[in-house]
Every structure is written in C-alpha cells, then in structure tokens.
Amino acid sequence: MTMITRIPSLMVVPPSSPARTVMEFVALAKSMPGKLNYGSGGAGSLAHLSGEAFRLAAVIDYLHVPYKMGRPINKRDCSNKNHGEVHGSRSPGAMKRGS
C-alpha cells in the first residue's frame, strides 16, 4: 500500500456559529455530544471520510448528514440543518459565500 495523492479538505461553519477556529469547534462539539451535524456530498465521499477521520482524531461526536452525490451544499442547508460542512479541494464557492 502506498499513498498516491493528497487532497486537502475544508471545514466550513455557518456565520451564526460561535466557533471561529477549529479548536473552538472541537470545544463546542465536546460540550454538545451528538447534537451537532455536518453535511457532505454523500456517504462514502471524500468529504464524508474526511469528516469521520476528523471526528475520530478530535474525539468528538457529531452526526453526518449525507446529501446526494455531487449536489452542492448551500448556505441555507448549512445554516438550518447543519453546524458545518466538509468539502473536498473544490470549495471556493463556500469560502466566497463566507459560510
């Protein structure tokens, strides 16, 4: 087994979130186990697996909300249903939106 590529992932939270840093997000998640959600492009997607790897590494408990593969997660979804999103490397829209 060998690594053949590296693909960065991006965590995005809605503007209404009290978390402004990764450490603040981890603290928030630890204070509310099982009550935070995050969305991705679908079960088994790179974003889903990245979110699960982050969950395990940070020792936090949050719920994955899968969307149909390839469907862009929009600001409304993030604000109303999810406390965060995990994106692959093609996430400039989320960064420009400020979500």
Q: Residue by residue through region 33-56, note down the ones that are in contact with a helix residue (DSSP H, G or I) (Cβ under 8 Å, 6 or more places away or on another chain) and under 23 Å from residue 18 (Cβ atoms).
A: 36, 38, 39, 40
Q. Quick one: how many residues across region 1-34 are without any contact (Cβ under 8 Å) to a residue 24 or more places away in the chain, charged (D, E, K, R) and either farther than 14 Å from residue 50 by Cα or surrounded by 16 or more Cβ atoms within 10 Å (Cβ to Cβ) (or both)?
A. 2
Q. In region 1-33, what residues are modelled with pLDDT of 90 or more and under 15 Å from residue 64 (Cβ atoms)?
A. 29, 33
**Q.** All positions within region 1-24 that are of a type in the set (Val, Ile, Thr) and not in a loop (DSSP other than H, G, I, E, B)
**A.** 12, 22
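The values are calculated or read from the model by the stated rules, or taken from the named source; none is laboratory data. Since we're looking at a predicted model, the values are computed, not measured. Cβ coordinates were reconstructed from backbone atoms using ideal geometry, including for glycine residues, and neighbour counts include every protein chain displayed.
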